[in-house]
Each structure stands twice: as C-alpha cells, then as structure tokens.
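The values are calculated or read from the model by the stated rules, or taken from the named source; none is laboratory data. Predicted model only: the values in this text are computed from it and were never measured. Here the Cβ is made from the backbone with ideal geometry for all residues, glycine too, and neighbour counts use every protein chain on show. We work out accessible area using only protein heavy atoms, side chains counted, and drop any ligands, DNA or RNA first. Shrake-Rupley method; radii C 1.70, N 1.55, O 1.52, S 1.80 Å.
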Amino acid sequence: MARNSLRVLPGFRLTLGCTLLYLSLIVLIPLAGVFVKTSTLSWEQFWHIVTAPRALASYRLSFGASFLAALVNVFFGIIVAWVLVRYQFFGKKVVDALVDMPFALPTAVAGITLTALYAPNGWIGQLLAPLGIKVAFTQLGVFIALTFIGLPFIVRTVQPVLEDFDPEIEEAAASLGANRWQTFWRVILPMLYPALLTGFSLAFARALGEYGSVIFIAGNMPMKTEITPLLIVSKLEQFDYAGATALAVVMLVGSFMILLTVNLFQWRSSRHLARL
Amino acid sequence: MSKTATFSSATPGEPHRRATAESPWVRRLLIAGALLFLGIFLVVPLVSVFAEGLKKGLGFYFQTFRDPLTLNAIKLTFIAAGISVPLNCLFGMTAAWAITKFDFRGKNLLITLIDLPFSVSPVIAGLIYVLLFGAPGPFWSWLSDHNIKIIFAVPGIVLATTFVTFPFVARELIPLMQAQGRTEEEAARVLGASGWQTFWRVTLPNIKWGLLYGVILCNARAMGEFGAVSVVSGHIRGLTNTIPLHIEILYNDYNTTGAFAVASLLAFLGLVTLVLKTWIERKKSAELRATETRVAA
C-alpha cells in the first residue's frame, strides 16, 4: 500500500495486535466454543433437540413477538421522530432525551415494572381487565416488553435522516400539486426506507435475544409463553449443556441471517439511490 | 423548520399555511399520539418504579438498603463495572487508533466483529463462558486442580459483563476519530512529538467528550446487565449477586416493595445516565465541529 511508506503515525502493530488479541480472548474464542460444543452432537441429536415441540413453540413466540414489536415500533417510531424533528412543543428536549430510556433502564427493572403495571391489579392492567384483556403472563405481555426495549432504535435511526431532509424536495412535490399526505407517502417515506430497515433490524435482533425484561412478565409456561433464551437457561439449569448450546446455535444463526439480509438490502438500495 | 423559513410563516389557525406544513389539526394529532405512546411506554413505567418502591414508606425503603445482602450486591456491581468499563475503554481507544489512523485490509470485517456482542443474546453471552470454564469445559480440570473458580464466582461475572459492554467505547470513538482525520496527529509527529505525546496532547483532548460518552453508556449497561450475569453467577446470595440479580431474588421472594426499592436505585442511575448523555452529546458535536474547522483552515 502506498500510504504505508508515508506513515508517520506510530503504533500500528501494537494497537492492531492488542485489538485482535483482546477481541479473540473475550469474543471470538468463547463464541467459537458454542460451535465446537455443538459439533460433539451427531446431526440426528442436534436436529432432535432443535425441532422438539417445546423448542419450536419458543421460536414461534420469540420470532413472532419480536417481529410484531419491531413493526409497531416502526409505526410509532416514525411519528415520534417526525414530531421531534418538525414541531415545537413544550418539553420537547425532555421528551427527546427520554426516548433513550429503554437503553438506560436495566432490563430487570423494566421487567418487574412492566409486570406490576400490567398485572390485573396494576395501574394499566386494572383498566384493561374489565375489557377482558389480559397482558401479564400471556404472549401479549412478551410483546409489550419487546416493544418497550425496541422503542429507541427506530426513532434514533429515522431522526437524523429527517433532520437532513432537503426541504426543496417537499416544495417540489407541493408545487407539482401533491397534497401533504401524498408527499409523505410517495416522497418522504421512500427516502426513509433504508433508515427504517436498519432500525427495524436492530430492534428485531435486540428483541430476539432479550431476556431480562421478558421473563418477569411472560409467566414462562412451556409451549405458551416461553421465549427461546429462557429455554436455553432452563436447559442450562438442568446441566443439559449440549441442549442449551444447540438452541444457542439456532439463535445465533437466526440473528446473523437477519443482519445479513438487511445488509444486502441496504447495499442494494444504496446502489439504487446512487444511480438516481 | 428554520430552513424553510423563507416561506410565509404561518401561525396555527391562519388560513394561509406553507405548502410543506401540515394543518394544525394534523400537527396536534401527531404530537398527541407521540406523547401518548411515549407516556404509556416510558413515563408511566418510570414513575411506577419509584411509586412501588416507596409504597411502604421511607422507613422500609431505607431499611432495604441497610440489608447486608443488598450492600453486597451493590459492592459486586461496582466491582464488575469497575473492571469491565476501564478494560473496554482501553480497548476502545486502542481499536479506534488502529482502525482510524491506518489503512489495512479487512478493516470493515474488524469493525463488524467488534460490534458482534450487540447481536448476541445476553443469555448466550453467559453460556459461552460456562462452556469454556464450567464443569464440562476444556479448562475445568486445570482450574479445579488449582482451586480457581470462574463460573458461579466473581471472575465469571466480570467476564460476562465485559462481553456485553465490549463494543460501546470503540463504536463511539471509531466514527468520531474517522471524521477528525489524521492531519493533526501527523503535524504533531512532524514537529517532533513522540507517539505518546501525540496521543496525550493532540488526540485525547480532541476525543475526550466522545470517550466520556462511550464510557457513560458502557457503565450503564455494565451496572444493569441481567441475562449474561444471571447465567454465570449461580445466584449465591451475598456472594455472586449483582444489583439486578438481587432485584430478581427479592421479587421472587414476594418482597415486591423491596425489589422496587432496589430497582429505583438503578432507575435513578438510568436517569443520571440520560442527563449526562444529553449534556455530553452537545459537547461532543461541538468537539467534532471544532476539529473540522481547524482542519479546514
């Protein structure tokens, strides 16, 4: 590389070496252990564990609730980001800071708080109980907890895009006769797609792995309200390390596939935008 | 928006509004919708942590914090964060220096790998250390021969905490230092500064707010981590319980008010984190603008 001959800054080998060493010791080698451990299982054993009815039910709940929660967050995330960027109102700065609360509030605290709120005698639960809606200890509770922890992702990815939005584009749409709704739906929203996709995938991936905020509100009934991370923990508590590891492999592969798909989409849409 | 202020500035209720503004009713509806959603999902839970914690009065509240088990949990949380945060801070600076000050192949792969712990479930973060150092693992016989406990002991908790907070400082510094470029450091070197002098006197003052930002987020996660720590801790009361694990134990013992009292401590910490974060964000963008104008000049 041409730049190397001109290099005046020191420490390349030292810093890169330390980085790789620390990364390998803390992250890469321990993670590789999951795959090594799984390889001690035969393919039949592995398949038997990961397609057991209890495991399948947990994937359905984990993937389904995470997907729905991320979708709801896309809807409200656009509204919150829009309101924070475009409008002025009293207390806007506080609201803006509060959006990050799910990042700052430990998951166990979120878990017991949501459970207390949505329990039949809780602040929100007692309003829903006469309507026949049960949240705590049902799949709906899992969805509520996952919505809570995914909330900041979409707001924080959409917000900067809206802030940098060129007003001339909207003015052009308006002068060509589009009303506000058409401008939003046909002009603004398509330009938000890459940010929405990033935010969605971050929220989805985070929700898939989430443990602390879900286990309190879920009730953890096998086949009904048991998420995959909890199934891993219960296998660990029975010292079924091979079983826990097999499920961990499914989760790891699942979340990597999501990130990979999204990166591919992103790459294609950025090439598409570049051609415009 | 100020950028569109060249158009006639319409006030709510005026018949002639900008073509690129919504009607006042739509605007009010959207603001109300956003506030309602955030109110139900963020404000109500936050208020209820403190309300539930204080349910049995201030006496009971403070008594929870005199319990030696609570104090032990607080101590262990500080130990875990006190080790993992400086380690990841040091790593973040090292990695950011290597990535932003030099060109090499595989840089993007390295950045992706550094972010990896964010896409791994906390439960799996705990599991990997149990597999490595626990009873069936490759190091188990050596560790037990030498009477070293990692799993179900403090070192395991520190390791799990380090894993889940691994990317925070690095991912904060890499974009910042990338945007600041290399010219200032190169100038310092050409003028005769040593490598360390360049780092201490040029780089560090430029990145101090970004660094502090990463450390604050890293610390908040380190103190609040539940899943990963829960898997490796073994829940030995008074020995391997951090604050979040202690909350779980109190809650499962039907001491709900006690659990919320301890939880309010973490919620308070979360609020402090948010305030600091908002304040540092402003400093940080000023920091970036300052170097950009200096480099341009």
Report summary line: Ranked by GNM mean-square fluctuation in chain B (Cα springs under 10 Å), the top entry among B:237, B:171, B:28 is B:28
Query raised in the report: Once the Cα atoms of chain B are picked out, what are the Rg and Dmax in Å?
Result: 24.6, 84
Query raised in the report: At what distance in nm do the modelled label points of residue B:290 and residue B:62 sit from each other, each positioned 7 Å from its Cα along Cα→Cβ?
Result: 4.3 nm
Requested in this report: Using θ = phi - 60° and the Karplus relation 6.51 cos²θ - 1.76 cosθ + 1.60, list the HN-Hα couplings for the range A:109-126 in order, rounded to whole Hz, with x at every Gly or Pro.
Outcome: 5, 4, x, 5, 5, 5, 4, 5, 5, 9, 4, x, 9, x, 3, 8, x, 6
Requested in this report: Report the residue, chosen from B:61, B:129, B:254, that carries the largest GNM mean-square fluctuation when chain B is represented by alpha-carbon nodes joined by springs under 10 Å.
Outcome: B:254
Query raised in the report: Which of the lysines could a cross-linker span from residue B:101 if the Cα-Cα distance has to be under 18 Å and same-chain partners fewer than 8 positions apart are dropped?
Result: B:208
Query raised in the report: How many percent of the alpha carbon pairs in the range B:104-158 exceed a separation of 15 Å?
Result: 58 percent
Query raised in the report: Among the aspartates and glutamates, which fall within straight-line cross-link reach of residue B:283, defined as a Cα-Cα distance under 12 Å, with same-chain neighbours fewer than 8 residues apart omitted?
Result: none
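Where a ≥ b ≥ c are the square roots of the eigenvalues of the C-alpha gyration tensor, would you call the range B:138-282 rounded, which needs a/c under 1.5, or, failing that, prolate if a/b is larger than b/c, or oblate? All intermediate terms of the calculation are to be shown ahead of the outcome.
Working: a/c = 4.03, a/b = 1.66, b/c = 2.42.
Oblate, since a/c reaches 1.5 and b/c is not below a/b.
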Requested in this report: Using only atoms on other chains, find how many Cβ atoms lie within 10 Å of each Cβ of peptide B:108-115 and report the average.
Outcome: 2
Query - Label zone at residue A:253, where the point sits 7 Å out along the Cα-to-Cβ direction: the range A:219-234 residues whose backbone N lies under 20 Å - result: A:228-233
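Within the range A:181-274, report the trypsin sites (Lys or Arg not before Pro) that DSSP leaves as loop and that have at most 16 other Cβ atoms within 10 Å.
Values: sites: A:186, A:206, A:224, A:235, A:268, A:271; in loops: A:224.
Answer in residue order: A:224.
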Query raised in the report: What net charge is computed for the residues neighbouring residue A:259, neighbours being all others with C-beta under 12 Å from the C-beta of residue A:259, Lys and Arg scored +1, Asp and Glu -1?
Result: 0
Requested in this report: Report, to two decimal places, the Cα Rg of chain A normalised by 2.2 N^0.38 Å (N = number of residues).
Outcome: 1.23
Report task. Enter the Cα centre distance for the pair the range A:109-188 and the range A:57-100, rounded to the nearest angstrom. Result -> 4 Å
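Hey, could you get me the Stokes-Einstein D for the protein assembly as shown, Kirkwood radius over alpha-carbon pairs, 20 °C and 1.002 mPa s, rounded to whole µm² s⁻¹? Intermediate results must be reported in sequence, preceding the final value.
Working: Rh = 25.6 Å.
D, rounded to a whole number, is 84 µm²/s.
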**Report entry** Cα-based convex hull volume of the range B:185-256 per residue, rounded to whole Å³
**Finding:** 129 Å³
Requested in this report: Evaluate the distance, in nm, between pseudo-label points positioned 7 Å from the Cα of residue B:55 and of residue A:40 along their respective Cα→Cβ axes.
Outcome: 4.5 nm
Query raised in the report: Which whole number gives the average, over all residues in B:35-43, of C-beta atoms from other chains lying within 10 Å of the residue C-beta?
Result: 6
Report summary line: With R₀ set to 45 angstrom, the calculated FRET efficiency between the beta-carbons of residue A:182 and residue A:28, to the nearest 0.05, is 0.35
**Report entry** Within a Gaussian network of chain B (alpha carbon springs, distance under 10 Å), most fluctuating of B:116, B:269, B:38
**Finding:** B:38
Requested in this report: Please name which of A:52, A:137, A:28 has its Cα lying farthest along the dipole of the range A:1-152 towards the positive end, using unit charges on Cβ (Lys, Arg +1; Asp, Glu -1) and the Cα centre as origin.
Outcome: A:28
Requested in this report: Please state the charge dipole magnitude for the protein assembly as shown, taken about the Cα centre, from unit charges on C-beta atoms (+1 on K and R, -1 on D and E), reported in debye and rounded to the nearest 20.
Outcome: 760 debye
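For the range A:42-275, calculate the relative contact order in percent as a whole number, restricting contacts to Cα pairs under 8 Å that are 6 or more residues apart.
Numbers: 269 pairs, mean separation 72.5, N = 234.
Reported as a whole number, the value is 31 percent.
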Requested in this report: Within 10 Å of each Cβ in peptide B:96-105, how many partner chain Cβ atoms are there on average? Round it to a whole number, please.
Outcome: 5
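With a 1.4 Å probe and every protein chain left in place, work out the accessible area per residue of chain A in Å², rounded to a whole number. List each step's numbers first, then the result.
Working: 13210 Å² over 276 residues.
Per-residue value: 48 Å².
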Query raised in the report: Say the cut-off is 19 Å between C-alpha atoms; which of A:134/B:56; A:37/B:107; A:134/A:235; A:93/B:277 go over it?
Result: A:134/B:56; A:37/B:107; A:134/A:235
Query raised in the report: Under a point spin-label approximation (7 Å from Cα along Cα-to-Cβ), what is the residue A:90-residue A:261 distance to one decimal in nm?
Result: 4.6 nm
Query raised in the report: What is the gain in length, in nm to one decimal, between residue B:283 and residue B:235 on full extension, counting 0.36 nm per residue of separation less the C-alpha to C-alpha distance?
Result: 13.2 nm
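For B:97, B:140, B:209, A:267, give me the order by solvent-accessible area with a 1.4 Å probe, most accessible first, ignoring ligands, DNA and RNA. Walk me through the numbers on the way to the answer.
Details: B:97 15, B:140 105, B:209 55, A:267 140 Å².
Output order, biggest surface exposure first: A:267, B:140, B:209, B:97.
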